[in-house]
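Everything on this sheet refers to the single structure shown next.
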Ligand code: NAP
């Protein structure tokens, strides 16, 4: 099977990848989707209730939503490979990708829907105490911190959302932020300020996480005075943003100023003919399940137009221009 040249390979299994798969499969393109080694389903697999995905007035659990999307893609003929792509040659007419099991796959078009990964502070103790008090997912781990004093690092919407959620379990939540102004939206800020369990530690950087087996505290530095102090907490949630998953494509694919895959205007066309990108690997602004799903749909439509032009004997460059012109016409 791996030596066949396919029409569409989709890399990534979040809302963008699955939506691209639904559209490509319904167009008869028989997509092959690489869903990752362990974490199929993307970031929503770490979410509990999703209340803002249209069509679910009573909310839906993140993993349930992803399972529904996967089933829908499968129903129309998408094939799945439970592996990650570790190598890609995308700058030729027939693209080649290699998965983590060492198998090669070939395709006339590739849709990148690899999403983004959470940032780390960069401390040695972070990895050592991961799962022992250090966490990146309040909805996954909050339950374990009942009645405890914990801290959240960050000043964006994620940090405030996590902190607010964590007050369901914790006795107190201290938000440690490196500046004296939050980046989070006004609504989130107001909600956090109203919460009696939340307090703020401004202008502080976490310089160390204390504890040998479990987190027992954090050391923080006041960036204005350079003085250090210790805060006794048994949990540290890190919510300082995400980075796009582009390592495998770096050097081939053009990136924007923030390191995300650059696309042509409002289309999903990348700098490479026949390579399209969608979801959080492109988007550092909206980053919602619904916007990722929408851009996955657009990527499948762009790929379909590109392939149709190739079938009409256009060169890859001409096919790309045709797909681009058709996409731009829509706006
Ligand atoms: P973000 O907006 O990029 O905020 C990251 C925060 O972490 C910033 O406050 C930043 O500080 C801080 N930070 C970054 N690197 C750091 C480091 N090495 N050490 C300490 N602090 C560091 O990321 P986000 O909060 O994950 O949000 C991403 C996007 O998703 C945003 O558009 C957001 O609106 C959206 N979002 C929306 C919701 C919602 O509406 N329910 C929930 C979550 C996220 P500085 O401020 O100093 O740069």
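Things to note:
- For residue 146: the one exception among (1) buried (at least 19 other Cβ atoms within 10 Å of the Cβ); (2) away from the ligand (no atom under 15 Å from the Cβ): (1)
- Only one of the numbered conditions (1) away from the ligand (no atom under 16 Å from the Cβ); (2) closer than 17 Å to residue 42 by Cβ; (3) touching a helix residue (DSSP H, G or I) at 6+ places or on another chain (Cβ under 6 Å) is not met by residue 277, and that is (3).
- Residue within segment 248-269 that is more than 28 Å from residue 163 (Cα to Cα), more than 12 Å from the chain's Cα centre (by Cα), within 16 Å of the ligand (Cβ to nearest atom) and surrounded by fewer than 14 Cβ atoms within 10 Å (Cβ to Cβ) present: yes
- Listed conditions (1) within 30 Å of residue 289 (Cβ to Cβ); (2) out of contact with any helix residue (DSSP H, G or I) (no Cβ under 8 Å at 6 or more places or on another chain); (3) surrounded by 15 or more Cβ atoms within 10 Å (Cβ to Cβ) are all met by residue 127, apart from (3).
- Selection from segment 227-254 of residues that are farther than 26 Å from residue 133 by Cα and in a loop (DSSP other than H, G, I, E, B): 246, 251, 252, 254
Table: residues versus (1) loosely packed, with under 14 Cβ neighbours inside 10 Å; (2) more than 16 Å from the ligand (Cβ to nearest atom); (3) in contact (Cβ under 8 Å) with a residue 12 or more places away in the chain.
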| site | (1), (2), (3) |
| --- | --- |
| 137 | no, no, yes |
| 154 | no, no, yes |
| 159 | no, no, yes |
| 172 | no, yes, yes |
| 179 | yes, no, yes |
| 200 | no, no, yes |
| 205 | no, no, yes |
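- Checked against (1) under 21 Å from the mean Cα position of the chain (by Cα); (2) surrounded by 14 or more Cβ atoms within 10 Å (Cβ to Cβ), residue 96 meets all criteria but (1).
- Scanning segment 100-124 for residues that are in contact (Cβ under 8 Å) with a residue 24 or more places away in the chain, surrounded by fewer than 22 Cβ atoms within 10 Å (Cβ to Cβ) and within 16 Å of the ligand (Cβ to nearest atom), we see that the one that is farthest from residue 261 (Cα to Cα) is 123.
- When segment 207-226 is filtered for residues that are within 12 Å of the ligand (Cβ to nearest atom), surrounded by fewer than 18 Cβ atoms within 10 Å (Cβ to Cβ) and not in a loop (DSSP other than H, G, I, E, B), the ones remaining, listed by number, are 207, 221.
- Residue list for segment 129-164, restricted to those being more than 20 Å from the chain's Cα centre (by Cα), under 20 Å from residue 196 (Cα atoms) and at pLDDT below 95: 142, 143
- Evaluation of residue 257 against the conditions (1) assigned to a helix (DSSP H, G or I); (2) more than 16 Å from residue 113 (Cα to Cα) shows that the sole unmet condition is (1).
- All positions within segment 284-327 that are surrounded by fewer than 16 Cβ atoms within 10 Å (Cβ to Cβ), in contact (Cβ under 8 Å) with a residue 40 or more places away in the chain and within 16 Å of the ligand (Cβ to nearest atom): 288, 290
The values are calculated or read from the model by the stated rules, or taken from the named source; none is laboratory data. No experiment lies behind these values; they were computed from the predicted model shown. Because the Cβ atoms are built from the backbone with ideal geometry, glycine has one as well, and the counts that use them run over all protein chains shown.
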